[in-house]
Amino acid sequence: MLKKPMSLSPRIIRTADGSCTLYREDIDETYHSVHGALAESTHVYIENGLLALKEKKEIHILEIGFGTGLNALLTLDHAAEGQVIHYYSLEPFPVEGDTMLEYYNQFAIKPVSLPSLGKMIASGGLTVEIRPGFDFCLLDKTLQSLDQDDVDGLRFDLVYYDAFGPSKQADMWTFDTLNKAVDLMKTGGILTTYCSQGQFKRNLKELGMQVKNPKGPAGKREMTVGVKL
Ligand SMILES: C[S@@+](CC[C@H](N)C(=O)[O-])C[C@H]1O[C@@H](n2cnc3c(N)ncnc32)[C@H](O)[C@@H]1O
């Protein structure tokens with residue numbers, strides 16, 4: 001299990017598309033792809049997740065790893081007109097506010113919804129309305145310790161599985177941990193992630209998921225989408 005560092009102000013790194021990522025020196029890992037943070041989040045979580053459900057009038061999203069909030073902001077940016085979204089995000093190791101501010105300052109093109117970030121971070125475990133039709137709840141919890149009560153007894157249409165990679169945080173990709181996420185999904189729900197590790201995909205299949213491997217974002221041959229059967 002990942003240990004909480006003394007202070008979490010990871011280093012800001014510019015990525016290939018002009019957006020930035022954070023680098024955690026203690027585990028030698030970035031929060032996004034250095035080939036383009038914005039491009040990766042857009043491709044993996046928006047195009048292969050949110051937009052696949054654009055016809056649904058109301059969706060529940062669970063994000064594993066809020067991090068910089070980039071996926072949440074892009075979800076606000078790309079939500080279909082009139083679609084109601086309930087967004088739950090887990091973050092046991094929140095990034096310090098000053099680092100967040102400096103991080104987005106350095107983006108060549110900022111997410112349109114960036115002004116909503118403060119409200120998300122300040123929500124403190126409560127569900128808040130970010131705008132009409134978009135509720136948000138940030139939970140200071142690990143996936144491993146999450147109970148269904150923490151998410152108001154809900155099951156999810158879409159899971160953004162954005163944990164650190166298997167070589168850095170192996171416990172996020174085990175059968176038991178993935179089982180927790182899959183258990184919280186609705187039948188027909190989608191789990192999307194940048195990861196395409198073989199053992200991870202076998203675990204998903206064993207958990208009764210249909211596994212697809214769309215083309216990955218820049219710098220990656222493939223990514224993974226699992227559909228709960
Ligand atoms: C790859 S980064 C996420 C990037 C993020 N989605 C973004 O848009 O910036 C992985 C995140 O998972 C968080 N994390 C670490 N252990 C976790 C756990 N056991 N459960 C849930 N999240 C965890 C980390 O603190 C980190 O913020």
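The values are calculated or read from the model by the stated rules, or taken from the named source; none is laboratory data. This is a predicted model, so every value here is computed, not measured. Using ideal geometry, Cβ is built from the backbone for each residue, glycine included, and neighbour counts are taken over all protein chains shown.
A compact table of results
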read-out: Residue in the stretch 178-185 that is modelled with pLDDT of 95 or more, buried (at least 17 other Cβ atoms within 10 Å of the Cβ) and away from the ligand (no atom under 14 Å from the Cβ) present; value: yes
read-out: Matching residues in the stretch 186-205 - criterion: being surrounded by 22 or more Cβ atoms within 10 Å (Cβ to Cβ) and within 13 Å of the ligand (Cβ to nearest atom); value: T192, T193, Y194
read-out: Among the candidates Y161, Y194, residue that is in contact with a Lys or Arg (Cβ under 7 Å, 6 or more places away or on another chain) and under 26 Å from D17 (Cβ atoms); value: Y194
read-out: From I27, I12, I59, residue being under 23 Å from K180 (Cα atoms) and touching a residue at least 60 places away in the same chain (Cβ under 8 Å); value: I59
read-out: Residues that are in a strand (DSSP E or B) and either farther than 14 Å from Q106 by Cβ or within 10 Å of the ligand (Cβ to nearest atom) (or both), drawn from the stretch 21-38; value: T21, L22, R24, E29, T30
read-out: Breaking point among (1) in contact with a Gly (Cβ under 6 Å, 6 or more places away or on another chain); (2) in a loop (DSSP other than H, G, I, E, B), for L154; value: (1)
read-out: Test: S9 is outside any loop (DSSP other than H, G, I, E, B) and over 18 Å from V225 (Cα atoms); value: no
read-out: Meets criteria (of a type outside the set (S, T, N, Q), more than 10 Å from the ligand (Cβ to nearest atom), surrounded by 12 or more Cβ atoms within 10 Å (Cβ to Cβ) and closer than 16 Å to L22 by Cα) for G97; value: yes
read-out: Residues (assigned to a loop (DSSP other than H, G, I, E, B), of a type in the set (G, A, S) and either in contact (Cβ under 8 Å) with a residue 12 or more places away in the chain or closer than 23 Å to L50 by Cα (or both)) located in the stretch 78-136; value: A79, A80, G82, A108, S113, S123, G124, G125, G133
read-out: Members of the stretch 48-79 that are away from the ligand (no atom under 11 Å from the Cβ) and touching a Ser or Thr at 6+ places or on another chain (Cβ under 9 Å); value: N48, G49, L50, A52, I61, L76, D77, H78
read-out: Residue pairs meeting the criteria (Cβ under 9 Å; at least 6 apart or on separate chains; first more than 8 Å from the ligand (Cβ to nearest atom), in the stretch 138-153; second acidic (D, E)); value: L138/E91; L139/E91; L139/D150; D140/E91; Q148/D183
read-out: Residue satisfying condition, being surrounded by fewer than 19 Cβ atoms within 10 Å (Cβ to Cβ) and more than 11 Å from the ligand (Cβ to nearest atom), within set L158, L126; value: L126
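One line per residue, one yes/no per condition, for (1) surrounded by fewer than 18 Cβ atoms within 10 Å (Cβ to Cβ); (2) among the small types (G, A, S):
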position: G18; (1), (2): yes, yes
position: T30; (1), (2): no, no
position: S33; (1), (2): no, yes
position: L38; (1), (2): no, no
position: A52; (1), (2): yes, yes
position: T75; (1), (2): no, no
position: A80; (1), (2): yes, yes
position: H86; (1), (2): no, no
position: Y104; (1), (2): no, no
